[in-house]
Structure formats: structure tokens, C-alpha cells
1. In the range 63-77, how many are more than 8 Å from the ligand (Cβ to nearest atom) and among the small types (Gly, Ala, Ser)?
2. Does residue 102 qualify as being within 9 Å of the ligand (Cβ to nearest atom), within 15 Å of the chain's Cα centre (by Cα) and of a type in the set (Ser, Thr, Tyr)?
3. Among the residues of the range 16-53, what is the count of those that are within 13 Å of the ligand (Cβ to nearest atom), β-branched (Val, Ile, Thr) and not in a loop (DSSP other than H, G, I, E, B)?
4. Please enumerate the residues belonging to the range 116-156 that are in a loop (DSSP other than H, G, I, E, B), surrounded by 12 or more Cβ atoms within 10 Å (Cβ to Cβ) and aliphatic (A, V, I, L, M).
5. Only one of (1) more than 10 Å from the ligand (Cβ to nearest atom); (2) not in a strand (DSSP E or B) is not met by residue 80, so which one is it?
6. Which one of these is surrounded by 20 or more Cβ atoms within 10 Å (Cβ to Cβ), part of a strand (DSSP E or B) and more than 10 Å from the ligand (Cβ to nearest atom): 92, 60?
7. From (1) over 19 Å from residue 62 (Cα atoms); (2) at pLDDT 95 or above; (3) within 15 Å of the ligand (Cβ to nearest atom); (4) more than 14 Å from the chain's Cα centre (by Cα), pick out the condition that doesn't hold for residue 113.
Amino acid sequence: MSLVVRRMTVEDVPTAHEIDISSFTLPWPERSFRFEVTDNPAARCWVAELDGRVVGILVLWLIVDEAHIASLATHPDFRRQGIAKQLLVVALDKAYTEGARTAFLEVRDGNEAARRMYQKFGFEEVGRRERYYKDNNEDAILMTLKRLPLAPVFRLSDRGERE
Ligand SMILES: CC(C)(COP(=O)(O)OP(=O)(O)OC[C@H]1O[C@@H](n2cnc3c(N)ncnc32)[C@H](O)[C@@H]1OP(=O)(O)O)[C@@H](O)C(=O)NCCC(=O)NCCS
């Protein structure tokens, strides 16, 4: 099995949108991915390819010295194989080389899988936006990784490649 993390291209957008639909109750419209890839200078869009198939996506916004994880999802058939972990390592490493010193994200209160993953990376809960998600009025938990780069324990395994 070969896992490669590389930048998302316009050709990846339909697949990214499919993964998004199968992962979120409020998915982005396809045009949002297109905009992020082609027109948003702050966006760094990544895909994870497992044996040539795109199975994970990550969109990060780099704003001065802050990396905001805007979207992260693994196709439901490929979860618990370290794909999101690898996407995060590559995206945060690259953001660090571009000047990011902290990272930031919002996650649903009830999303145990994602919260556990972010905690493993050192993200801490710093706040809550009440009734933030409009589909079910769930709260958003704000999480921050106060200091980049990631600890050496997160260096890429030999399954992942940069860009
Ligand atoms: C959250 C999500 C991105 C994780 O993707 P993944 O590729 O399965 O994650 P990984 O295999 O890299 O796992 C990373 C860590 O996350 C945690 N984790 C992932 N899935 C988990 C689950 N179902 N239960 C508990 N912990 C889980 C674990 O700590 C795991 O590390 P471990 O396998 O060494 O224990 C995936 O479940 C997903 O796409 N969910 C829907 C979209 C979403 O919630 N995105 C995040 C929005 S903020």
C-alpha cells in the first residue's frame, strides 16, 4: 500500500466533493473546493492518495502566522488507517515552513474521533461557539495548537511523501 500526500488539483475537485458529502452533514458545494484550489491565495489544499486513489482531503487557510484547518475528511471506507494523521502532518509541516506558528480549528462537540485525533497532535480546547452548526444546533469546540512545528514524533513515516 502506498500513501502519498500531495496538493489538490482542479481535477481532484469532484472526488474531494464526494468525500466531503460522505463525511459531513453540511458539506461544501463543489464550487467551494474549486474556489479554494484556483482562487483563494490563502488556501493550501491537500489530498491523500492510497494506491493512486484519492481517499482523504484537507483544506488549510494560512493567514499570516496562523494555520486554520478549514476541512479534513477521510473517505468512510478508508478510516482508521492513519490517512488523516498523515494529511495533518504534511499540511502543518508545510504551513510551518511558510510561516505558521500556531494552528486553529473548530470541531463539533460530539465528534469524538476528530477531537481525539486533534488532542493527539497537541491541540487544546480554548473555547466553545454555542449552537454553531445550523443542522442540529450543535456547539463548536475551538481548538488551538499553540506552537508549531509539530514534535519530532510526528515526522513522516515512510508511507508518506511531501507534495
Ligand atoms: C476524523 C477523521 C478525519 C479521521 O480520519 P482517519 O483517517 O480515520 O484518522 P486516522 O486513521 O489518521 O486516525 C488518527 C487518530 O484519530 C483518532 N480516531 C480516528 N477515528 C477514531 C474513532 N472512530 N474513534 C476514536 N478515535 C478515532 C485516533 O486517535 C487515531 O489515532 P490511532 O488510530 O493511532 O488511535 C474521519 O473520521 C472523518 O473523515 N470523519 C468525518 C469528517 C470529520 O469529522 N472531519 C473532522 C472535522 S473537524
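The values are calculated or read from the model by the stated rules, or taken from the named source; none is laboratory data. Predicted model only: the values in this text are computed from it and were never measured. Reconstructed Cβ throughout: ideal geometry from the backbone, glycine too, with neighbour counts over all protein chains shown.
1. Summing the residues that are more than 8 Å from the ligand (Cβ to nearest atom) and among the small types (Gly, Ala, Ser) in the range 63-77 gives 2.
2. no
3. Count: 3.
4. Of everything in the range 116-156, those that are in a loop (DSSP other than H, G, I, E, B), surrounded by 12 or more Cβ atoms within 10 Å (Cβ to Cβ) and aliphatic (A, V, I, L, M) turn out to be 148, 150, 156.
5. With (1) more than 10 Å from the ligand (Cβ to nearest atom); (2) not in a strand (DSSP E or B) applied to residue 80, the lone miss is (1).
6. Every option except 60 fails the conditions.
7. Evaluating residue 113 over (1) over 19 Å from residue 62 (Cα atoms); (2) at pLDDT 95 or above; (3) within 15 Å of the ligand (Cβ to nearest atom); (4) more than 14 Å from the chain's Cα centre (by Cα) leaves (4) as the failure.
Rundown of residues vs (1) closer than 24 Å to residue 139 by Cβ; (2) of a type in the set (Gly, Ala, Ser), yes/no style:
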residue: 19; (1), (2): no, no
residue: 30; (1), (2): no, no
residue: 40; (1), (2): no, no
residue: 48; (1), (2): no, yes
residue: 73; (1), (2): yes, yes
residue: 80; (1), (2): no, no
